[in-house]
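The values are calculated or read from the model by the stated rules, or taken from the named source; none is laboratory data. These numbers were taken from a predicted model, which means no experiment stands behind them. Ideal geometry is used to build each Cβ from the backbone, glycine not excepted, and the neighbour counts take in all protein chains shown.
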Amino acid sequence: MTHSTAIYDVLVVGAGPVGLTAAHELTRYGLSVRLIDAADGPAATSRALGIHARTLETYDQMGVLDDMLAAARKVEHLTLFQKGTRLVQFDTDYRHLPTCHPYSVMIDQTQTERVLRDAAARQGVLVEWGTKLLDFTDDGTGITAVLTRADGGTESFRAAWLLGADGGHSTVRQRLGLRLHGDQTETWLIADAAVRCDLSPDSIYWMRTREGAVMMVPFPEAGKWRLVDTRDVDYDRDASRDEALAARFARKIRAGTGKPVSVDAPSWVSVFTIQQRLVPAMRSGRCFVAGDAAHVHSPASGQGLNTGIQEACNLAWKLANVQQGRADARLLDSYDAERVPVGAELLRSTRRTTALVQVRGAAAAAGLRTLFTVVRNIKPLKSRIERKIMGGTSALGLSYAAGPLAAASDPTLAVAAGERVARVTAAQRTASAGWRALLAELREPGWSLLAFAAGGDAPALRRLAEEYAGTVRVRTVPAPGARGEDAVVPGPLPDPGGLLASGLAARPGHWLLIRPDGYLAASGRLDAADPVAASASLGLRSRSRDLTGPQAAGS
Ligand SMILES: Cc1cc2nc3c(=O)[nH]c(=O)nc-3n(C[C@H](O)[C@H](O)[C@H](O)COP(=O)(O)OP(=O)(O)OC[C@H]3O[C@@H](n4cnc5c(N)ncnc54)[C@H](O)[C@@H]3O)c2cc1C
């Protein structure tokens, strides 16, 4: 066995979407990362397709949004059919969740991973394929991992922290003794195939037939669809069965939509039993798990990859702050305190969606036509359902208000502690230099203190800029009518039309302390609440505190 002498900050195990995101973000925040994957090379099967609004906002912060959108198709409807009749078409309604990306996109997971791999490579992290984590120990000051390499050799490797992004069968999770709690539910069959039918690819389709429910999800490529059968799941691969499967889907889609259809033999088929499981904790000492390593659930509302990316981003800045001595180690406790409840809610919502997708039982089915006739004709009811669907799927409404990092906030502001700050539409962004400047600010790694100057000197802001230099950037929106030298204390962020201030309901003297992932940590008014004290209460370390360098252990 070789013993590597290089000590990296983080060993990331698994180069799926979650490990790639984590590697990208950790290096963007300045840590050194080694990224390994047991597979010989990138996965060739598509799996995840649906990417939702909050993930698109995150991609924007990461700087990969344009590359993702170039490989994606927008989807803005959910259309339901029953036995040849269209029941209802739900549209996207994001009025209560303002975002620059009011839609979901379909992008093949292989493409998502390609874009993330390229982005990680630009950060200097290349995936080491054929390198498998066998075992590891955590001695409180770092981890020592045993790896097998593509050349057949075994290596002992040392890093300060370990992240298991190694999927549903996670070695890291198993070695940590973290058990996945939950159960397994239905078995579904999924097939990717070319379909010729008069159905617009800007919608997901659900249809109920006498032979059970079927779903159709469009791929970015014209004519290619993901087909899901929730009842007939027998499959044994050979060419004649592929033809039979295609014919069965064609029969069901025809019966469901009432439209002529032809389906080619599928390019990929998978039969899987839905697992609904979650770990009780996502951290143990210097080790963490994220993504499918921490939770597995139904693909019914397309959430697994989206959730894993949010986890990777939630953890990366915390780990960087602690490793770089910018924050107390207790900041790391907030990772699973914030994310385990999200995973638990995910299990509840995907369980509900799975049940809805397959609508079993004659009584429930008989009521559908009546129900959706009512829904179609009562607009406020339809809007309510659309908002409910958007709220759950998009993750835009997710709040960390109940978590340990939601400090005191000023109730007169439009955003509360724990909520995402940039709740802005594309039209508002176009109209407002202030919002554009804030969005650009959120793309920079680190904390931001957005202050609305009241005119005159603001010693608390100067003190914050000095004490937390390198950790918190102070960005000051000039007081209305202020000019020249008088206009700003550190870091001007002009808001000429005042639309940023009005969007946040901010008045002169207000400040907002924004986490690196764009959520509000604390807020107040300079005459009533001290942003320096708020930063300290969150565990951020000021320059005048006795910095002893990177934190020891997860103490
Ligand atoms: C049919 C289907 C449809 C889906 N649709 C959606 C959707 O629309 N939207 C959505 O958000 N999610 C969807 N998902 C879920 C999504 O695919 C997963 O949540 C996502 O792949 C999880 O990413 P990950 O990086 O956590 O794990 P994975 O993608 O499983 O990656 C784990 C990696 O770790 C590597 N690895 C494992 N063990 C080791 C080891 N010991 N050493 C080194 N490397 C190791 C593996 O080789 C692998 O590359 C779907 C899933 C399926 C099956």
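Inside the stretch 376-403, can you point out the residues that are among the polar types (S, T, N, Q) and either farther than 30 Å from Leu315 by Cβ or in a loop (DSSP other than H, G, I, E, B) (or both)? Within the stretch 376-403, Asn377, Ser383, Ser399 meet the criteria. Got a number for residues in the stretch 289-325 being within 7 Å of the ligand (Cβ to nearest atom), in a helix (DSSP H, G or I) and either at pLDDT below 95 or basic (Lys, Arg) (or both)? Adding up the residues that qualify gives 1. Scanning the stretch 141-179 for residues that are in contact with a Phe, Trp or Tyr (Cβ under 9 Å, 6 or more places away or on another chain), assigned to a strand (DSSP E or B) and among the charged types (D, E, K, R) yields one hit, Arg158.
Note on the stretch 197-234: residues that are modelled with pLDDT under 90, in a loop (DSSP other than H, G, I, E, B) and surrounded by 17 or more Cβ atoms within 10 Å (Cβ to Cβ) total 1.
Within the stretch 56-98, the residues that satisfy the criterion of being polar (S, T, N, Q) and surrounded by fewer than 19 Cβ atoms within 10 Å (Cβ to Cβ) are Thr85, Gln89.
Residue count for the stretch 180-193, restricted to those that are small (Gly, Ala, Ser) and out of contact with any helix residue (DSSP H, G or I) (no Cβ under 7 Å at 6 or more places or on another chain): 0. All of (1) of a type outside the set (Gly, Ala, Ser); (2) away from the ligand (no atom under 16 Å from the Cβ); (3) not in a loop (DSSP other than H, G, I, E, B) hold for Glu186 with one exception: (2).
Scanning the stretch 326-341 for residues that are assigned to a helix (DSSP H, G or I) and among the aliphatic types (A, V, I, L, M) returns Ala329, Leu331, Leu332, Ala337, Val340. In the stretch 158-196, how many are among the aromatic types (Phe, Trp, Tyr) and modelled with pLDDT under 95? Result for the stretch 158-196: 1.
Among (1) away from the ligand (no atom under 11 Å from the Cβ); (2) buried (at least 16 other Cβ atoms within 10 Å of the Cβ); (3) within 21 Å of Leu305 (Cβ to Cβ), there is one condition Ala121 misses while meeting the rest; what is its number? Only one criterion is unmet by Ala121, namely (2). The residues of the stretch 235-276 that are in a strand (DSSP E or B), of a type in the set (Val, Ile, Thr) and surrounded by 14 or more Cβ atoms within 10 Å (Cβ to Cβ), listed by number, are Val261, Val263, Val269, Val271, Ile274.
The set of residues in the stretch 127-179 that are of a type in the set (A, V, I, L, M, F, W, C), touching a helix residue (DSSP H, G or I) at 6+ places or on another chain (Cβ under 8 Å) and either in contact (Cβ under 8 Å) with a residue 60 or more places away in the chain or away from the ligand (no atom under 13 Å from the Cβ) (or both) comprises Val127, Leu133, Phe136, Ala160, Trp161, Leu162, Leu163, Ala165, Val172.
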